[in-house]
Amino acid sequence: MQLPQFRPSGEDRGIAGLPIRLVVSFVVGTAVLGVMLSMVSGVGALTTAELDARPTPDVIEAGAQTVTVEVVDPNGQSVSDVAVVLSPETAGLERGGPVVARTDASGVATFEVTATLTATSGQGTLGIAIKAPNGDYADRRANTNILVVR
């Protein structure tokens, strides 16, 4: 025994032969998912600009060195009053821990560092992290590392 099917207008097919209820559910679900994802990222995430670090030089020899890091926004404009952290990764720093400097009015942070390598390594890296000054900026992507060589 088959049950009768209810068809209000006699046509129950939507796009490409799919049931109309499925098409409506898909469209509404997609819209709701988009709203939920924008809430997860936060309202401020839509208005923040990504900062980038440009170290000079980006390759140094082990020993005492002066390194400058320019912090720029997506348009290439320098950003002042940003905390820049230079930290040991596979290369070391003489004092062991990370070194912090702030960018000046021209967007440049200057570091006086002594980079070290282990006796068995021919090269290593120093990492750069940026702490944005306020809610207008973010640093989510990886920055250029500084390569330390013998």
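The values are calculated or read from the model by the stated rules, or taken from the named source; none is laboratory data. Worth saying up front: this structure is predicted, and the values here are computed from it rather than measured. With ideal geometry, Cβ positions are generated from the backbone for all residues, glycine too; neighbour counts draw on all protein chains shown.
When GLY76, GLY63 are checked against the criterion of being modelled with pLDDT under 95 and either at negative phi or more than 23 Å from the chain's Cα centre (by Cα) (or both), a single residue qualifies: GLY63. Residues of the range 103-150 that are part of a loop (DSSP other than H, G, I, E, B) and either among the acidic types (Asp, Glu) or buried (at least 17 other Cβ atoms within 10 Å of the Cβ) (or both): THR103, ASP104, GLY107, LEU117, ALA132, ASP136, ASP139, ASN143, ASN145. The set of residues from the range 122-140 being out of contact with any strand residue (DSSP E or B) (no Cβ under 8 Å at 6 or more places or on another chain) and either of a type in the set (Val, Ile, Thr) or modelled with pLDDT of 90 or more (or both) is empty. Considering THR68, THR90, the condition of being surrounded by 15 or more Cβ atoms within 10 Å (Cβ to Cβ) and within 23 Å of ASN134 (Cα to Cα) is satisfied by THR68 alone.
For the range 73-95, a residue qualifies if it is closer than 10 Å to GLY107 by Cα and of a type outside the set (Asp, Glu), and the qualifying residues are GLN77, SER78, VAL79, SER80, VAL82.
What residue, among those in the range 37-51 that are among the polar types (S, T, N, Q) and part of a helix (DSSP H, G or I), is modelled with the highest pLDDT? Walk me through how you get there before you give the answer.
Residues of the range 37-51 that are among the polar types (S, T, N, Q), as a first pass: 38, 41, 47-48.
Narrowing further to those that are part of a helix (DSSP H, G or I): 38, 41.
Working: SER38: 72, SER41: 57.
Applying the filter and picking the extreme gives SER38.
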